[in-house]
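So the structure is just underneath, and the comments pick up after that.
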Amino acid sequence: VSTYFKMNISYVRSYNVWNVFHYYLGAKYFSEIGYFNLYSCALEADQEAGGIWNEIAIARDMETYRLIPRSRLPSCPRTDFTTNRWRDFSQDVEYFARHADPEYFAEAFSDKGFNPPPSWTFVAKPLAQAIPISRSHVADIVFNLDVIAVFLGVLIIWRSCGGAVALLTSGLTVFYFGSFGRIGGNFLQYLWFPFLVAAIVLWARNRPGYSGAMLGVATGLQIFPLFFGLPIVFRGMIELSRRQKKTEWRLYFRFTSGFIAVILAGFCLGSLAGRGVGAWGEWQRKISIHRDYLRGEIFNIGMANFTATALSKKHDDANTYADDVPNTLMRLESLKSHILLYYGLCAIFLAIWVVSVVRVPVGNLFGDGFLIMFTAVTLSPFYYLSLVLVPLMFWKSGRPLRLYATFGAVALLGVNAILF
């Protein structure tokens with residue numbers, strides 16, 4: 001928890017050094033460093049430039065997620081850089097090194113690297129290359145575009161559902177743990193938000209094709225919105241198997257068609273981000289390592305993480321990612337030794353999800369995305385900012401369900417904020 005706050009107190013003017021370091025450099029030099037070499041290349045560039053970070057002794061190996069001595073990190077692929085690109089990369093690295101003390105970056109290098117899908121990189125890379133990190137006034141704007149993205153999402157809610165739900169969503173957004181001190185000062189980490197909002201609103205307005213397309217865009221920017229489309233796709237398959245009239249299942253077909261079309265377009269665009277089609281294979285390998293490790297970190301959210309934490313014999317606190325490694329490994333071992341129990345819990349949740357998808361009113365299907373998301377994957381907390389959209393998802397339902405959703409969202413996010 002203290003690591004989280006340290007991540008949010010080192011600001012250059014109006015942006016967060018920790019987050020921008022990962023996302024800006026990861027996007028700008030994606031062609032050269034890919035998903036596995038940000039830390040090794042940054043440390044090597046700094047050492048050549050004089051070694052502000054020479055005191056940093058360990059860093060996370062992206063191939064294994066182990067914290068190891070920096071001397072044992074895989075070598076930086078220098079041959080992938082031209083002379084000019086290495087010079088630019090070194091200058092950018094030194095800019096970051098001069099704006100936060102080495103102790104701060106010692107913790108940053110124990111984080112988990114660069115993880116967005118290639119489709120996000122296709123969007124972010126041209127902007128990162130066009131904006132010099134040292135041009136402060138421009139950086140003030142670019143590294144706060146996420147604030148505009150969230151504002152646009154709230155504006156869409158206001159225009160479609162009125163001021164009450166927009167104000168409620170705004171309040172939940174500001175005070176949710178995963179976003180407090182994080183929405184501003186980032187580099188395009190919340191671009192998915194207005195597109196997910198648009199998908200929910202368009203579905204409620206009976207515009208399924210456009211809704212699926214908007215969800216496809218959100219998924220291309222951060223993969224997790226995929227789970228909000230699964231209930232609709234699954235319900236459509238059920239309706240089709242029942243041999244319902246075309247009018248009964250065509251909205252599901254239109255949604256799925258729009259969703260798949262944009263996902264395929266995102267795949268093609270991501271393949272143009274600098275590492276070809278193989279970028280998707282690299283990302284899949286990186287995100288698999290990432291997913292397996294997150295199951296043991298108490299910092300994250302999901303059925304696997306919950307099970308691992310609940311069944312652990314010790315619940316020690318830790319102030320840094322490095323300090324938490326023994327605890328994480330202990331939780332992962334606990335999960336492994338109780339894997340049948342974990343699978344049993346998943347089976348129960350999936351059965352509940354299936355029943356809910358079959359029975360829930362069509363307009364409420366987006367809400368079932370949370371259940372399958374919690375069951376299937378472990379995510380960092382800021383992805384659960386999507387919980388602020390629960391009132392929107394149920395706003396046009398009957399009064400009892402709308403109240404349950406509203407008070408439930410407030411209580412869930414409130415408890416989350418208080419605990420953290």
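The values are calculated or read from the model by the stated rules, or taken from the named source; none is laboratory data. Keep in mind it's a predicted model, so treat the numbers as computed, not measured. Here the Cβ positions follow ideal geometry from the backbone for every residue, glycine too, while neighbour counts run over all protein chains shown. Each accessible area value is taken on the protein alone, full model and side chains, heavy atoms only, with ligands, DNA and RNA left out. Shrake-Rupley method; radii C 1.70, N 1.55, O 1.52, S 1.80 Å.
Couple of notes before you dig in:
- Helix 192-204 and the longest principal axis of the Cα set of the chain meet at an angle near 10°.
- Once divided by 2.2 N^0.38 Å, the Cα radius of gyration of segment 46-171 becomes 1.40.
- Surface composition of the chain: carbon and sulfur atoms hold 64% of the protein heavy-atom accessible area at a 1.4 Å probe.
- For the chain, the longest principal axis of the alpha carbon atoms and the long axis of helix 17-28 meet at an angle near 90°.
- Centre separation in Å (Cα based) which lies between segment 140-171 and segment 33-108: 36 Å
- For the chain, the ratio of Cα radius of gyration to the globular rule of thumb 2.2 N^0.38 Å stands at 1.00.
- Among the listed pairs LYS112/LYS314; LYS286/LYS336; LYS28/LYS314; LYS112/LYS396; LYS125/LYS396, those beyond 30 Å (Cα-Cα): LYS28/LYS314; LYS112/LYS396; LYS125/LYS396
- Ranked by how many other beta carbons lie within 10 Å on average, peptides 396-403, 407-414 from highest: 407-414, 396-403
- Taking the centroid of alpha carbons for each part, segment 225-240 and segment 356-420 are 17 Å apart.
- Ordering TRP353, ILE287, TYR104 by Cα displacement along the dipole of the chain toward the positive end leaves TRP353 in first place; charges were set at the Cβ atoms of Lys, Arg (+1) and Asp, Glu (-1).
- Prolate/oblate/rounded label for segment 248-348 (Cα gyration tensor, a/c 1.5): oblate
- Computed from Cα positions, the angle between helix 226-241 and the longest principal axis of the chain comes to roughly 30 degrees.
- For segment 121-255, average projected area of the Cα convex hull in nm²: 9.7 nm²
- With the charge dipole of segment 219-309 set up from +1 on Lys and Arg Cβ and -1 on Asp and Glu Cβ about the Cα centre, the Cα lying farthest toward the positive end among the listed residues GLY276, PHE299, LEU264 is that of LEU264.
- Accessible surface calculations at 1.4 Å, restricted to protein heavy atoms, place the chain at 44 Å² per residue.
- Estimated at the nearest 10 Å², the accessible area of PHE21 is 0 Å² with a 1.4 Å probe.
- Think of segment 71-154 as having a plus end and a minus end, set by charges on the Cβ of Lys, Arg, Asp and Glu; of ILE133, VAL150, LEU73, LEU73 sits farthest toward the positive end of this dipole.
- Computed magnitude of the charge dipole of the chain (debye, nearest 20; Cβ of K, R +1, Cβ of D, E -1): 2040 debye
- Potential extension, LEU269-ARG72 segment - 0.36 nm per residue separation minus Cα distance: 67.4 nm
- The order of the peptides 225-232, 335-342, 196-203 by mean Cβ neighbours within 10 Å, most packed first, is 196-203, 225-232, 335-342.
- The protection proxy used here, the mean number of other Cβ atoms lying within 10 Å of each residue, ranks peptides 273-279, 29-35, 249-255 as follows, highest first: 29-35, 249-255, 273-279.
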